[in-house]
Amino acid sequence: MANPLTAETLGGGFDDAPVQSARAFRAALDAMARPGRIHVIAGARPPAPLSVAAGTLLLTLADGTTPVHLAGDIDCDALRGWITFHTAAPLVPAEAAVFAVGRWADLTPARRFAIGTPEYPDRAATLIVEMPVLQAEGPVLTGPGIRDRARLTLPDPEAFRANHALFPLGFDTFLTCGNRVAGLPRSTRVEDF
Amino acid sequence: MYVAVKGGERAIENAHALLAEDRRGDTGVAELSVAQIREQLRLAVNRVMAEGSLFDPDLAALAIKQARGDLIEAVFLIRAYRTTLPRFGSSRPVDTGTMACSRRISATFKDAPGGQVLGPTFDYTHRLLDFRLAAEGQALPRPATADPVAGPVPHITSFLNREGLIETDRPGDDLPPDLTREPMELPAPRALRLQAITRGDEGFILSLAYSTQRGYGRTHAFVGELRIGTVAVEMDIPELGFAVEIGEVELTECETVNQFTGSKTEPPQFTRGYGLVFGQTERKAIAMSLVDRALRWKELGEDDTGAPAQDEEFVLMHADNVQATGFLEHIKLPHYVDFQAETELVRKLRAEGAARRQEAAE
Amino acid sequence: MTEQAYNFAYLDEQTKRMIRRAILKGVAVPGCQVPFASREMPMPYGWGTGGVQVTAACLTPEDRLKVIDQGADDTTNAVSIRSFFRRTAGIAVTEATAEATLIQTRHRIPEHPLTEDQILVYQVPIPEPLRFLEPREPETRKMHSLEEYGLMHVKLYEDIARHGAIATSYDYPVKVEGRYVMDPSPIPKFDNPKLSGCPALQLFGAGREQRIYALPPYTSVVSLDFDDHPFEPGKADHDCDLCGAGDSYLDEVIIDDAGSRMFVCSDTDFCRGRRAAGHVGRLGTPAGAAA
């Protein structure tokens, strides 16, 4: 299926990629390094229904060497064309993904995603979960990057608990909503209460 | 009064100015042009292209000039430049069977279709200093008569192959890994090993190859064929649907034929070592093919004799002279913080040892 | 050629993406060495190419960069790296630890406590803590995967048997979050306690060895030891002769042909700050006085 080269496909990228991607990466890095903190991340203007935050993460991190999985309503013509044009990332099923984008319900079951190997734990997928709301409230998080404890809206605490149980294997997650992002690496413990 | 040593930008700038002055040398002597280096120091240019992994004689000549003839420094300049270049795509594998050979010899056959071509070689020169070269403005050398042998020229090993006397090299389907774009992962497939060796330091590869000849991982190699010449480089253009020739490169290819009595898994037959290097670089190509063959012990079911040339990790992790020279020379950077920590430790251990001896004596 | 011929912070965008992905995975698995396709840089391997690549991948135009080598801002390689980034990224630079947003270091952690708004990037020569016990990479990788660190404990114990103490004074191995044994780069063991619970993000780059690893803020980092031989951070048993500090790491400087010595802070910014605040050591002169 050919993607028509529409203005929507061609537009919405970074105007100044070196600088915008540098700022976006710092937001993503701080999010992943401090689970529970919510950061503003912007620069991309992707077609609906992808959020600015998720689109910016993809432009910052994905390229021709990183297969991307689009889940649910994200997997539409407009976004397939936009992501292919701007990143050249191959679009793949969940099992082969380096990055996977979608709403949580569309990404489950999450055990389909790569969790790395004992020798190479880094060869694990990064999920970009589109959230209806993203706030510093909800389940309690502890672990590296968190001084005492943090709270964050999570779609399914039990799934992230199971993922943490695989440590040092497991996938890593960005939660996105509008132009905001939070990180939830596999190292984070989701407390029981 | 003690004042901390100020390294400072001025000291660095001064060092650079002195370097530029030394590079130029006596200004009463005409400056060397890049074209002169390219044309008259061609073997140095070839080595820099081979170890720099970039086929560009002009840039290699410039690097040699800038590096004041330090070839490892020139290789480093080329590598640092190369890594900034955008990648437009990958070429098709070159076909050395179509090489226009300026030199082609076989040690295993007196003659072969396509003929033996001696070409421009030091081999039978008497190593007597030619003082006529010290005189400037001498007459041009008498033109040589031989033209390159136009391709295609069949590979000598293909004649052995007809009888099944030599192992068959099958083209692999896998896309070879790219040493310059992916971190080295061990164990390495042969394609990755060959990449590492072809850009490896000539001296290191030469010594390893020599060690196999002296019994450290002996492989009984004959030069089945050594050929030097130019081949076309082609690239698939997706928009056109066919391959387009984008230029040509000079290559040296060496195929060794190695005596092999068979192993638990393989029948008695000749085996191969392979070398392919940019430019006329035959010492490197021969050495490469010996090291390649020595590294294939596992695949051929041979014994690991513990020889350095059989040790893949040892060979691959130490062949790169840009890595090696950087790490070697970094020990001249300040290490006084660590040295201070060691000094304190030695003082402490000596004091404790002295106290123990004192106690024992009392 | 002008600086404009190169991309912001020198590296091309594809290379930065590759490094950024490796950094994120390093952050997600603290202390785990993540392979990355290190590029040839315009400075030699062994001179900070790993740190430079990590810094280049992290810098934004808003950053204020500090570069130290041996704790000092004015050592030649620190000067050279700082000027490289000033030219290729056009960013502001500083020597004041407290003003920096990103600090690249070789062999020291600054004395001034780091904050949540800072990133500390270490230059790492040999990232594998087990390398000098087992030279083969596939073997050490397997040891990390199985959490098999007996070899390291045997080595430290042999030290104690022979010398009565652990004979490692720098590059002292640590365990991260109870899981990975990690090489903290050749910092003196005096600095090891600062690794743990640090509010700043700590990133480690080894260019020649093609590895990146990380300590997220507030990560637990424990220096390896034994119950009967606990870890001891060590330093020269002196105060700084210029600023009088008794709690900073000291360089020993020979000041005359007779071999007289003085001890001065290795962290030049820390020492300058103390002297400006009026502290005076044994051989120092009060701030404001003519030298």
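The values are calculated or read from the model by the stated rules, or taken from the named source; none is laboratory data. Source: prediction; values computed, not measured. Quick reminder, even Gly has a Cβ in these numbers, built from the backbone with ideal geometry, and neighbours come from all protein chains shown. With ligands, DNA and RNA removed, areas are computed over all heavy atoms of the protein, side chains included. Shrake-Rupley method; radii C 1.70, N 1.55, O 1.52, S 1.80 Å.
Checked against (1) within 14 Å of chain C (Cβ to nearest Cβ); (2) under 21 Å from C:TYR218 (Cα atoms), A:ARG123 passes all but a single condition, namely (2). Among the residues making up the range C:172-191, those that are within 11 Å of another protein chain (Cβ to nearest Cβ) and under 23 Å from A:PRO168 (Cβ atoms) are C:TYR172, C:VAL176, C:GLU177, C:GLY178, C:ARG179, C:TYR180, C:SER185.
Of the numbered conditions (1) charged (D, E, K, R); (2) part of a strand (DSSP E or B); (3) over 18 Å from B:LEU192 (Cβ atoms), B:ARG283 fails exactly one; give the number of that condition. Only one criterion in (1) charged (D, E, K, R); (2) part of a strand (DSSP E or B); (3) over 18 Å from B:LEU192 (Cβ atoms) is unmet by B:ARG283, namely (2). For the subset of the range C:141-158 comprising residues that are assigned to a loop (DSSP other than H, G, I, E, B) and either in contact with a helix residue (DSSP H, G or I) (Cβ under 8 Å, 6 or more places away or on another chain) or within 12 Å of A:TYR120 (Cα to Cα) (or both), which member is nearest to the other protein chains (Cβ to nearest Cβ)? Checking each candidate, the answer is C:GLU148. Of all residues in the range A:58-79, those being in contact (Cβ under 8 Å) with a residue 60 or more places away in the chain and either under 29 Å from B:GLU182 (Cα atoms) or assigned to a loop (DSSP other than H, G, I, E, B) (or both) number 2.
Results for (1) over 17 Å from the mean Cα position of the chain (by Cα); (2) crowded, with 20+ Cβ neighbours inside 10 Å; (3) within 14 Å of chain C (Cβ to nearest Cβ), shown as yes or no for each residue.
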| residue | (1), (2), (3) |
| --- | --- |
| B:ALA20 | yes, no, no |
| B:LEU43 | no, no, no |
| B:ASP56 | no, no, no |
| B:PHE88 | yes, no, yes |
| B:ASP111 | yes, no, no |
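A count restricted to the range A:151-186 and to residues that are in contact (Cβ under 8 Å) with a residue 60 or more places away in the chain and open to solvent by less than 20 Å² (accessible area, probe 1.4 Å) stands at 11. Whether a residue is open to solvent by 60 Å² or more (accessible area, probe 1.4 Å) and under 15 Å from the mean Cα position of the chain (by Cα) was assessed, and A:ALA105 passes this test. Please specify each residue of the range B:205-216 satisfying the condition of being closer than 13 Å to B:PHE314 by Cβ and either in the same structural domain as B:SER53 (by TED's automatic domain parsing) or open to solvent by 50 Å² or more (accessible area, probe 1.4 Å) (or both). Correct list: B:SER207, B:TYR216. For the range C:55-71, the set of residues classified as assigned to a loop (DSSP other than H, G, I, E, B) and away from chain B (no Cβ under 11 Å) consists of C:LEU59, C:THR60, C:PRO61, C:GLU62, C:ASP63, listed by residue number. When B:GLU312, B:GLU266 are checked against the criterion of being touching a Leu at 6+ places or on another chain (Cβ under 7 Å), at pLDDT below 95 and more than 26 Å from C:HIS107 (Cβ to Cβ), B:GLU266 stands alone in meeting it. How many of the residues in the range C:104-140 are in contact with a Lys or Arg (Cβ under 6 Å, 6 or more places away or on another chain) and not in a loop (DSSP other than H, G, I, E, B)? Residues meeting the conditions: 1. Pairing each residue of the range A:14-27 that is within 7 Å of chain C (Cβ to nearest Cβ) with any residue that is among the acidic types (Asp, Glu) and in a helix (DSSP H, G or I), provided the two are 6+ apart or on different chains, yields C-beta distances under 9 Å for A:ALA17/C:GLU13; A:PRO18/C:GLU13; A:SER21/C:GLU13. What residue, among those in the range B:326-342 that are more than 7 Å from chain C (Cβ to nearest Cβ) and out of contact with any His (no Cβ under 9 Å at 6 or more places or on another chain), is modelled with the highest pLDDT? Only one residue fits best here, namely B:LEU328. Of all the residues in the range B:263-285, those that are within 30 Å of B:ASP56 (Cβ to Cβ) and open to solvent by 50 Å² or more (accessible area, probe 1.4 Å) number 3. Here is the figure for the range B:159-189: residues that are among the small types (Gly, Ala, Ser), surrounded by 13 or more Cβ atoms within 10 Å (Cβ to Cβ) and away from chain C (no Cβ under 14 Å) total 0. Taking the criterion of being assigned to a helix (DSSP H, G or I) and either within 16 Å of B:GLY8 (Cα to Cα) or open to solvent by 30 Å² or more (accessible area, probe 1.4 Å) (or both), the residues of the range C:72-92 that qualify are C:THR76, C:ASN77, C:ALA78, C:VAL79, C:SER80, C:ILE81, C:ARG82, C:SER83, C:PHE84, C:PHE85, C:ARG86, C:ARG87.
Selection over the range C:243-265 of residues that are within 14 Å of chain B (Cβ to nearest Cβ), at pLDDT 95 or above and not in a strand (DSSP E or B) gives a count of 3. Kindly indicate whether B:ARG193 is in contact with a helix residue (DSSP H, G or I) (Cβ under 9 Å, 6 or more places away or on another chain) and within 14 Å of chain C (Cβ to nearest Cβ). Against the criterion (in contact with a helix residue (DSSP H, G or I) (Cβ under 9 Å, 6 or more places away or on another chain) and within 14 Å of chain C (Cβ to nearest Cβ)), B:ARG193 does not qualify.
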